[in-house]
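All remarks here apply to the structure that follows.
The values are calculated or read from the model by the stated rules, or taken from the named source; none is laboratory data. These numbers were taken from a predicted model, which means no experiment stands behind them. Every residue, glycine as well, gets a Cβ built from its backbone with ideal geometry; the counts of neighbours run over all protein chains shown.
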Amino acid sequence: MKLRIKGNSLRLRLTRPEVIRLGDDGGVEERADFGAGEVLTYRLRPVATPGPLHAAFHQGTIEVTVAGETARDWAVSEEVGLYAQSAGLRIAIEKDFRCLTRPSSEEPDAYPHPAQDARAGS
């Protein structure tokens, strides 16, 4: 899972196996160890209660929650992402597409880029 924070927006990009895990009611978590005991943890987890995406930050952990039913539906759909506003924070959870400028072997678990077919036909 990739994390991008820019201003008051938070974006999580998930590989295919991560989307499948989320759709199977599993969570996805990553950690960045800054040394000296300082760790940033970011996680995405499904919850049983319906509702919009929600984000919280507490003791070095960013946690985004999504309704389990929403996660299951999204995991098997062609939809690219889930989007919401939580307090003043814009949240995006998206399927991670392969970069068009690197070999696909560097990102084997990413989704094929939508523009890939267009480039192959030209």
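Couple of notes before you dig in:
- Entry remark, the range 6-34: residues being closer than 21 Å to GLN85 by Cβ and under 12 Å from the mean Cα position of the chain (by Cα) number 6 in total.
- Once the range 53-74 is narrowed to residues that are surrounded by 14 or more Cβ atoms within 10 Å (Cβ to Cβ) and of a type in the set (Gly, Ala, Ser), the residue that is farthest from GLY27 (Cα to Cα) is GLY60.
- Selection of the range 1-35 for residues being touching a strand residue (DSSP E or B) at 6+ places or on another chain (Cβ under 6 Å), among the basic types (Lys, Arg) and touching a residue at least 40 places away in the same chain (Cβ under 8 Å) yields LYS2, ARG11, ARG13.
- Residue list for the range 79-92, restricted to those being under 14 Å from ILE5 (Cβ atoms) and within 13 Å of the chain's Cα centre (by Cα): ILE91, ALA92
- Restricting the search to strands (runs of 3 or more DSSP E) fully inside the range 36-75 and requiring at least 3 residues that are without any contact (Cβ under 8 Å) to a residue 24 or more places away in the chain and touching a Leu at 6+ places or on another chain (Cβ under 9 Å) gives 61-67.
- The residue of the range 76-101 that is modelled with the lowest pLDDT, among those that are farther than 19 Å from ASP24 by Cβ, β-branched (Val, Ile, Thr) and in a loop (DSSP other than H, G, I, E, B), is THR101.
- Matching residues in the range 12-35 - criterion: being of a type in the set (D, E, K, R), surrounded by fewer than 17 Cβ atoms within 10 Å (Cβ to Cβ) and outside any helix (DSSP H, G or I): ASP24, ASP25, GLU29, GLU30, ARG31, ASP33
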